[in-house]
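Trainee: I have a structure here, written as structure tokens, and I will follow up with some questions on it.
Taken together, the values in this text are just the output of simple stated rules run on the coordinates, not laboratory data. What you see is a predicted model; the values in this text were computed from it and never measured. Every residue, glycine among them, receives a Cβ derived from its backbone with ideal geometry; neighbour counts consider all protein chains shown.
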Amino acid sequence: MYTISKSFALVVPVTLLVLGSLFISPFLASANGNEGNKKSGPHAVGSTLEIRIEDNNSVLVRGAKVTAVSGSVISAETAFGATVLSWTVRTNASTVFTHRADGSSSLSTISPGDYVSFRGVLNTGTSGLTVDAKSVKDWSRSVQIENTRAFNGSVQSIDTANMKFVLDSRGVEGLITVKLATSSVITNGDVAFAFANIKVADQAKVSGTYDSTTKVLTATKVVIVREDTNGRRIFKERIQSFKDRFHFNFWK
């Protein structure tokens, strides 16, 4: 049976207490209706469906379905029949990420459609249900599916707001999404380059941590290769390539 902590009412605004019957009744009805359907939704990946909000604002949610990931923020929903609660889960450098087998994971592996559990503190200074997460567990992943990879290709589209772009990798992987973090290094040859200056059709060399399931590369380095109208690389890029190939000390 799905449960909500008795202290739930202590941390929500008084106006929500009037809606208590609207929340609790669907929860209980959904619980009974789903007893025979344990293989759907979060149960299919081994998670329960549960919400606990204590009077000290600590929150535990299990079985939330991810609807979007934007930057360091995860949007998720818990559905009890027709009753749906939307969550904004804010992560930071201190948030601990794990996968279903409890091994270490990362935010970059979480995708819309995954079922997650999260624990943290309810942010009462914002509207809606916003949690500053201390830990997030992705039940849809049994292992950390990541490895370090490098790709070459052309930029197909750019999402400036979320610091990512789609790259045609020219290989068996095809189109991949390249996500950048604040620590990612972007250059044009050996010159620092701003993300805002990347254009569709630019040639790019990217390297970083790659998730082959979601086809997302979290880039540590991006090299943009600009060409002139004759298809020749700019001079500085050719010199840099020569330096990298032969490692001559006199280039320093």
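Trainee: With labels modelled as points extended 7 Å from the Cα through the Cβ direction, what inter-label distance (nm, one decimal) is found for A196 paired with R149?
Mentor: That separation, rounded to one decimal, is 3.1 nm.
Trainee: Can you list the residues, at least 5 places off or on another chain, whose amide H is less than 5 Å from the amide H of T130, using H built in the peptide plane?
Mentor: So T130 has HN proximity to T88, N123.
Trainee: Also: Shape call for the range 71-214 from the C-alpha gyration tensor, a ≥ b ≥ c root eigenvalues: rounded (a/c under 1.5), prolate (a/b greater than b/c) or oblate?
Mentor: Judged from the Cα gyration tensor, the range 71-214 comes out prolate (a/c at least 1.5, a/b above b/c).
Trainee: Right, something else. What are the residues whose amide H is under 5 Å from the amide H of I186, where those residues sit 5 or more places off or on another chain and H is modelled from the backbone?
Mentor: F193, V222
Trainee: Of K137/K215; K134/K164; K164/K199; K65/K205; K65/K134; K65/K199, which ones are farther than 22 Å apart at the Cα?
Mentor: Among K137/K215; K134/K164; K164/K199; K65/K205; K65/K134; K65/K199, the Cα-Cα distance tops 22 Å for K134/K164; K65/K205; K65/K199.
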